[in-house]
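Worksheet: one structure, shown below.
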Amino acid sequence: MIKNIFIMKSTGELLFYKTYEEIFDIKLTSSFLSAIFSFVKQTLKTKELSEIEVGPFRFIFEVEKANSSELMFALFSDRTDNLVELRNQLRAIKSEFLSEFDLTRLIEEFDGEVSTFQNFDKNVDEIIESKKLVSEEIQKDLIEVFDELHTFSSFVISSALLTQTGRIIISYLNPNVLSDIIRLLESRFIIGNSKIHELISLEEYGILSLVGIDNFISIIQFKKNCPFDTSLIISKKFSNRLKNLII
């Protein structure tokens, strides 16, 4: 769950913040973030700041550079939250903020008046609020396809439909299996492989097949004794049926 969102100059001036859960003092936290950013630049000799995990929590950062200064966007959340999804949301916030406010003026001419940014609260809400990616009618049709898959194939253990960023549309997967898949998506996202086209692997819990459907991924967990050729055929037929409904 997202706890807080911060937008600030790297020198420490807080431009905007939004609180979803009161955990700590906002001013102290902004000072902490500024100090972290300064430490990374001066001690580690890099301006790249991506994320920091602190106990059960995680800070995610996006930085926009302008001349000799920077604007820092930070999101504070539970460590177990989907990193890919949160990163995309923070990038959307950054993009929208920069489209509404002049970066040069923010960096060079900021006079300490933050009331200008108060209305940006609505923009953040629109980005953060969960929006349905498929209608209820399509959701029902998708569930029928899943039910048929589980009824007519004795090799299928479980299945799911996720977005490429890990948002769950439908899932019958065991929570541990689902967690492994989301971590896989996170790791691929970090190294620049933002989309899965087709992936099949043998795991302890069976054969796992992932097929990309544009911005979605169809997932089937098969029994270990399922022939690979059979799993590929079933996966492709299944993904094509889903594609006809969601694309």
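The values are calculated or read from the model by the stated rules, or taken from the named source; none is laboratory data. On a predicted model such as this, the values are computed, not experimentally measured, just so you know. As a convention, Cβ positions derive from the backbone with ideal geometry for all residues, glycine included, and neighbour counts pool all protein chains shown.
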Quiz item: Scanning for something among the acidic types (Asp, Glu) and not assigned by TED's automatic domain parsing to the domain that holds residue 13, does segment 83-92 turn up at least one residue?
Solution: no
Quiz item: Of all the residues that make up segment 143-153, how many are in contact (Cβ under 8 Å) with a residue 40 or more places away in the chain and of a type in the set (Ser, Thr, Tyr)?
Solution: 1
Practice problem: Inspect all residues belonging to segment 215-238 and state whether any of them is in contact with a Leu (Cβ under 7 Å, 6 or more places away or on another chain), more than 24 Å from residue 136 (Cβ to Cβ), buried (at least 21 other Cβ atoms within 10 Å of the Cβ) and modelled with pLDDT of 95 or more. | Solution: yes
Exercise. Take the residues in segment 171-205 that are of a type in the set (Ser, Thr, Tyr) and modelled with pLDDT of 85 or more, then tell me which one is farthest from residue 225 (Cα to Cα).
Key: 171
Quiz item: Which one of the conditions (1) free of Cβ contacts under 8 Å to residues at least 24 places away in the same chain; (2) touching a strand residue (DSSP E or B) at 6+ places or on another chain (Cβ under 8 Å) does residue 126 fail to meet, given that it meets all the rest?
Solution: (2)
Practice problem: For segment 157-173, indicate whether the set of residues that are loosely packed, with under 12 Cβ neighbours inside 10 Å and in a loop (DSSP other than H, G, I, E, B) is non-empty. | Solution: no
Self-check item: Residue check for residue 186: in the same structural domain as residue 62 (by TED's automatic domain parsing), surrounded by 14 or more Cβ atoms within 10 Å (Cβ to Cβ) and assigned to a helix (DSSP H, G or I)
Solution: no
Quiz item: Could you say whether any residue in segment 89-103 is touching a residue at least 12 places away in the same chain (Cβ under 8 Å), under 18 Å from the mean Cα position of the chain (by Cα), surrounded by fewer than 18 Cβ atoms within 10 Å (Cβ to Cβ) and under 15 Å from residue 165 (Cβ atoms)?
Solution: yes
Quiz item: Are there any pairs with C-beta distances below 7 angstrom linking a residue in segment 59-81 that is in the same structural domain as residue 21 (by TED's automatic domain parsing) to a residue that is modelled with pLDDT under 80 and β-branched (Val, Ile, Thr), with the two at least 6 apart or on different chains, and if so which?
Solution: 66/104; 66/107; 67/107; 69/11; 69/107; 71/107
Quiz prompt | Only listed residue being aromatic (Phe, Trp, Tyr), touching a strand residue (DSSP E or B) at 6+ places or on another chain (Cβ under 7 Å) and under 17 Å from residue 150 (Cβ atoms), chosen from 222, 216 | solution = 222
Quiz prompt | Scope segment 189-212; condition in contact with a Gly (Cβ under 6 Å, 6 or more places away or on another chain) and buried (at least 16 other Cβ atoms within 10 Å of the Cβ); matching residues | solution = 196
Quiz prompt | Hey, residue 124 assigned by TED's automatic domain parsing to the domain that holds residue 76, in a helix (DSSP H, G or I) and of a type outside the set (S, T, N, Q) or not | solution = yes
